[in-house]
Amino acid sequence: MDKILCATRGGEGSDRTQDHAIALAQERGSGLIFFFVADASFLSQLAAPMVVDIERQLEGMGRFQLARAKKRAAAAGIEAEVVVHSGRFRPELVTAAKELCVDLIVLGQPQGQT
């Protein structure tokens, strides 16, 4: 079975991306994995213990966002997995895609950008 990896960060814009990924999974009969990266790299100037704490909070926020996405997929008849990584987005996306052997990656676009 094909696997679709849907990177998400939450919010209204992510809902549209998730809806698209859910529709693709329905069309293709694919598995669906929602993916979130807790990236605390913007805090590089802070003390390490504080960064670790904030990173944990970001991971928790990611798990919440993914649980919400998984519930929306279930309402559409799709059983989705959720995966949270910590680090920088691009390298973690590549790592996840390879580890999970995905066939398609769905990415959104920040709201207001064309």
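The values are calculated or read from the model by the stated rules, or taken from the named source; none is laboratory data. Everything numeric here is computed off the predicted structure, so don't read it as measured data. Quick reminder, even Gly has a Cβ in these numbers, built from the backbone with ideal geometry, and neighbours come from all protein chains shown. With ligands, DNA and RNA removed, areas are computed over all heavy atoms of the protein, side chains included. Shrake-Rupley method; radii C 1.70, N 1.55, O 1.52, S 1.80 Å.
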In nm, to one decimal, how far is the ARG72 label point from the GLN57 one, both placed 7 Å along Cα→Cβ?
-> 2.5
Quick one: among SER41, SER30, SER14, which has the greatest mean-square fluctuation in a GNM of the chain with alpha-carbon springs under 10 angstrom?
-> SER41
Quick one: pull the percent of accessible area on the chain belonging to carbon and sulfur, 1.4 Å probe, ligands and nucleic acids left out.
-> 53
From most to least accessible, 1.4 Å probe, no ligand or DNA/RNA atoms counted, ILE33, ILE105 line up as ILE105, ILE33
Going by alpha carbons, how many degrees (0 to 90, nearest 10) lie between the helix axis of 89-100 and the longest principal axis of the chain?
-> 50
Could you give the size of the charge dipole of the chain about its Cα centre, using +1 on the Cβ of each K and R and -1 on the Cβ of each D and E, expressed in debye and rounded to the nearest 20?
-> 80
Stokes-Einstein at 37 °C, 0.692 mPa s, Kirkwood radius from Cα pairs: D for the chain in µm² s⁻¹?
-> 226
Between GLU92, GLU27, GLU79, which gets the highest mean-square fluctuation from a Gaussian network model of the chain, Cα cutoff 10 Å?
-> GLU27
Using Cα atoms only, what is the angle between the long axis of helix 12-28 and the major principal axis of the chain, expressed in degrees (0 to 90) to the nearest 10?
-> 40
